[in-house]
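The values are calculated or read from the model by the stated rules, or taken from the named source; none is laboratory data. Predicted model only: the values in this text are computed from it and were never measured. Here Cβ is always computed from backbone atoms with ideal geometry, including for glycine, and neighbour counts include all displayed protein chains.
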Amino acid sequence: MPTSIITRPATSGDLPEISNLHARVFGPGRYARSAYRVREGKGLMTRFCRVAVDQDKIVAALRMTDVTIGKISGAALLGPIAVDPAHHGQGFGRKLIAEAIQSARDAGLRLIVLVGDEPYYGRLGFKLVPHGHITFPGPVNPSRILAIELKPGALSQVRGLIVAVQPPQA
């Protein structure tokens, strides 16, 4: 990763640039993505959102949302994560994910869930969730629902619909 690029927590002032990055990376269909649908109406910024910045330009952004699963709290939904195409393959996504996982662990969360490709996210510790264990509002391929336990046994303690919640106030 180039030394001129720093990672840091995202701020509300970053939202316009994050939105532009998402538009470039995901296009107009981005609002149909499961992470957008879960987060709808709960705000765009949480304590876990992170960005990679190169000379005041955001080159990667990660959003992570506090959620309940089957009305049980202590979990977060990771996504979306976007990396500017000119910066792909340089480790920004992995770095932001690692920082978000550590932040969630430090905050006492027990579980992080995402919808993504197991070959990529498996390298970061995410595992396939048993089919039907966690459901989303809208269609999601159950073979793409992955989770990482921040506390051993956390996945076995939740089951049901994933719903975004207002994040705790700092």
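Conditions (1) modelled with pLDDT of 95 or more; (2) over 15 Å from the mean Cα position of the chain (by Cα); (3) surrounded by 16 or more Cβ atoms within 10 Å (Cβ to Cβ), marked per residue:
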position	(1), (2), (3)
ILE112	yes, no, yes
ASP117	no, no, no
PHE126	yes, no, yes
VAL129	yes, yes, yes
PRO137	no, yes, no
ASN141	no, yes, no
ILE148	yes, no, yes
ALA154	yes, yes, yes
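For every residue, the table says whether it meets (1) polar (S, T, N, Q); (2) within 24 Å of ALA10 (Cα to Cα).
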{"site": "ILE69", "(1), (2)": "no, no"}
{"site": "LEU77", "(1), (2)": "no, yes"}
{"site": "ARG110", "(1), (2)": "no, yes"}
{"site": "GLY132", "(1), (2)": "no, no"}
{"site": "ASN141", "(1), (2)": "yes, no"}
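Give region 85-100 a look and list any residue that's touching a Phe, Trp or Tyr at 6+ places or on another chain (Cβ under 9 Å) and among the aliphatic types (A, V, I, L, M), or say none. Within region 85-100, ILE97, ALA100 qualify. Restricting attention to region 63-90, the residues that are surrounded by fewer than 17 Cβ atoms within 10 Å (Cβ to Cβ) and of a type in the set (D, E, K, R) total 1. Of the residues in region 86-94, not one is under 21 Å from ARG159 (Cα atoms) and in contact with a Lys or Arg (Cβ under 9 Å, 6 or more places away or on another chain). Read through the list (1) assigned to a strand (DSSP E or B); (2) within 21 Å of GLN166 (Cβ to Cβ), then give the number of the only condition that ALA104 fails. So ALA104 meets the others, but not (1). The residue pairs whose first member lies in region 140-157 and is in contact (Cβ under 8 Å) with a residue 12 or more places away in the chain and within 13 Å of LEU109 (Cβ to Cβ), whose second member is assigned to a strand (DSSP E or B) and charged (D, E, K, R), and whose beta carbons are closer than 7 Å, counting only pairs six or more residues apart or on different chains, are ALA147/LYS127; LEU155/GLU149. Answer yes or no: is there a residue in region 72-82 that is more than 15 Å from the chain's Cα centre (by Cα) and either under 19 Å from TYR120 (Cβ atoms) or of a type in the set (S, T, N, Q) (or both). Within region 72-82, one or more residues are more than 15 Å from the chain's Cα centre (by Cα) and either under 19 Å from TYR120 (Cβ atoms) or of a type in the set (S, T, N, Q) (or both).
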